[in-house]
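Note sheet for the following structure.
The values are calculated or read from the model by the stated rules, or taken from the named source; none is laboratory data. Note that the coordinates shown come from a computational prediction; the quantities given were computed from them, not determined experimentally. Counting neighbours? That spans all protein chains shown, and the Cβs are built from the backbone with ideal geometry, glycine included.
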Amino acid sequence: MTTMIDHRVSKRANAISPSSTLAITARVRAMKAEGRDIIGFGAGEPDFNTPDPICEAAIAALRSGMTRYVPVPGTPEARQSIVAKLARDNNITCTAEQIVISNGGKFSLYLALQSIINPGDEVVLPTPAWVSYKPMVELAGGTIVEVPTTAASGFLASPEDFARAITPRTRAVILNSPSNPCGTMYDPEAIRAICDVLAPHERVTLLSDEIYERLVYGGREHLSPGSLPSMQERTITFNGLSKAFAATGWRVGYVCAPPVIAKAMSKLQSQMTSSVTSFTLPALAIALNTCDGEVEVMRLAFEKRAALMEQLVSQWPGVTCPPPMGAFYVFPDISSTFNRTSPGGRVIDCAGAFAESLLEETGVAVVPGDDFLGCGPNHIRLSFALADAAIEDGCGRTARWLGGLA
Ligand SMILES: Cc1ncc(COP(=O)(O)O)c(C=O)c1O
């Protein structure tokens, strides 16, 4: 039945695109459900289950009757457990009033941007970058100022790059180390040098997205900018349960923010979601303060897969890729395949066509790099959050397919 109802969608909703990474994940799920033999390098989530002690804590909280509204930014106990974690792991000194727990790191970022950005404000972002930063900045009325990086520099921006990007309109700088989609990270000296550039700009807040902080490889050290005296009062540190604790479906993220910003975020959250789900809060405390062993088991598995991935992708003809240092991604440059024809007769004229042809002809799913901005259109993103055998199978299929390009 057709109706005459005019369902007008807002300009705001029309202006943004859906998340391309979640779209690929949904497509892979649907193809697998049809019984197709698909190797999915698309999903940005660990393939492990959430460790038992975390699940048990949530179940116990639920059974004990923790089923009612909780305070908007989280219970005092959960906020205090984050204060303890940040002091122990990150050398960040803060109080519980600076902590806001929200429905996933993504919503923490959204709330923070809504809390500090006014129309016309600029947000400096090294690119390629995670797909959601730009839409979230734009939803807040701000403009992204890209700091483009390339594979040759390990996708790392220099302190001078940041100095050049900052203008009187700059309100915030986003740093995501280790990086999605690049899989590279800044070493402590680089973080210090970047913060030396930011420190004199008192209007600028640093948004440090540390969601992959625990997943670093090769003995590398992660340094939180919020631990540096010059940036301590102007940094919002983002983290959450999703990646380190294999808990993407739980939707638990948190920030440590300057008190005024934490208050603003809490106020917005009170009118949007009220709080996170009550019984995740005792589980959050257990995760952060008692599950180092479980996290290390997963980190070691990812470290092994990072080495396997690096070795296999380096054999792909015509493809270059910086070695993974952290997170669970590689971001190879596949532009040498452009204007060639796939074994199935498709013309590869962009990363989207590469990904589409590869998926249709070999069953290997990857994310085209376009939505990651910067040099992204020349790249694809592969997540190595899948079993070693699947990595070998998928990389082998891709190598054979690349070898068959005309
Ligand atoms: C760089 C980065 N930041 C934040 C997030 C948000 O994660 P979540 O909302 O699951 O906590 C993600 C998830 O993919 C990410 O890759």
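Key figures for this structure:
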{"quantity": "Output for the stretch 74-115, where each listed residue is away from the ligand (no atom under 16 Å from the Cβ), surrounded by fewer than 22 Cβ atoms within 10 Å (Cβ to Cβ) and assigned to a helix (DSSP H, G or I)", "calculated": "P76, E77, Q80, V83, A84, A87, R88, D89, N90, A96, E97"}
{"quantity": "Positions within the stretch 338-351 being among the polar types (S, T, N, Q) and buried (at least 22 other Cβ atoms within 10 Å of the Cβ), in sequence order", "calculated": "S342"}
{"quantity": "Residue check for A30: over 22 Å from K106 (Cβ atoms) and in contact (Cβ under 8 Å) with a residue 24 or more places away in the chain", "calculated": "no"}
{"quantity": "Residues of the stretch 63-98 satisfying the condition of being β-branched (V, I, T), touching a strand residue (DSSP E or B) at 6+ places or on another chain (Cβ under 8 Å) and more than 17 Å from R251 (Cβ to Cβ)", "calculated": "V83, I92"}
{"quantity": "Residues (within 15 Å of the ligand (Cβ to nearest atom) and part of a strand (DSSP E or B)) located in the stretch 214-255", "calculated": "V216, I236, T237, F238, N239, G240, G253, Y254, V255"}
{"quantity": "Per-region count, the stretch 148-166, residues among the β-branched types (V, I, T) and within 16 Å of the ligand (Cβ to nearest atom)", "calculated": "1"}
{"quantity": "Filter pass, G35 being modelled with pLDDT under 95, buried (at least 21 other Cβ atoms within 10 Å of the Cβ), in a loop (DSSP other than H, G, I, E, B) and small (G, A, S)", "calculated": "no"}
{"quantity": "Where V145 falls short, out of the listed (1) modelled with pLDDT of 95 or more; (2) within 16 Å of the ligand (Cβ to nearest atom)", "calculated": "(2)"}
{"quantity": "Selection count where residues are under 16 Å from L206 (Cα atoms) and assigned to a helix (DSSP H, G or I), scope the stretch 137-163", "calculated": "5"}
{"quantity": "Pairs where the first residue, in the stretch 1-24, is at pLDDT below 75 and the second is part of a loop (DSSP other than H, G, I, E, B), C-beta under 9 Å, 6+ apart", "calculated": "S20/V131"}
{"quantity": "When residues of the stretch 188-213 are limited to those that are under 30 Å from A246 (Cα atoms) and assigned to a loop (DSSP other than H, G, I, E, B), the one nearest to the ligand (Cβ to nearest atom)", "calculated": "I211"}
{"quantity": "Residue that is farthest from the ligand (Cβ to nearest atom), among those in the stretch 13-34 that are closer than 19 Å to P46 by Cα and either polar (S, T, N, Q) or in contact with an Asp or Glu (Cβ under 9 Å, 6 or more places away or on another chain) (or both)", "calculated": "S20"}
{"quantity": "Matching residues in the stretch 256-285 - criterion: being out of contact with any Cys (no Cβ under 8 Å at 6 or more places or on another chain), within 16 Å of the ligand (Cβ to nearest atom) and closer than 18 Å to K85 by Cα", "calculated": "A257, T280, L281, L284"}
{"quantity": "Breaking point among (1) part of a helix (DSSP H, G or I); (2) in contact (Cβ under 8 Å) with a residue 60 or more places away in the chain; (3) touching a Gly at 6+ places or on another chain (Cβ under 8 Å), for A287", "calculated": "(3)"}
{"quantity": "Given (1) assigned by TED's automatic domain parsing to the domain that holds E34; (2) in a helix (DSSP H, G or I), index of the condition P322 fails", "calculated": "(2)"}
{"quantity": "Residue in the stretch 167-180 that is more than 16 Å from the ligand (Cβ to nearest atom) and either among the hydrophobic types (A, V, I, L, M, F, W, C) or at pLDDT below 95 (or both) present", "calculated": "no"}
{"quantity": "Any chance V137 is within 16 Å of the ligand (Cβ to nearest atom) and modelled with pLDDT under 95", "calculated": "no"}
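For (1) under 14 Å from the mean Cα position of the chain (by Cα); (2) within 25 Å of I16 (Cβ to Cβ); (3) in contact (Cβ under 8 Å) with a residue 40 or more places away in the chain, each residue gets a yes or a no:
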position: A78; (1), (2), (3): no, no, yes
position: N90; (1), (2), (3): no, no, yes
position: I101; (1), (2), (3): no, no, yes
position: F107; (1), (2), (3): yes, yes, yes
position: I117; (1), (2), (3): no, yes, yes
position: D121; (1), (2), (3): no, yes, yes
position: P128; (1), (2), (3): yes, yes, yes
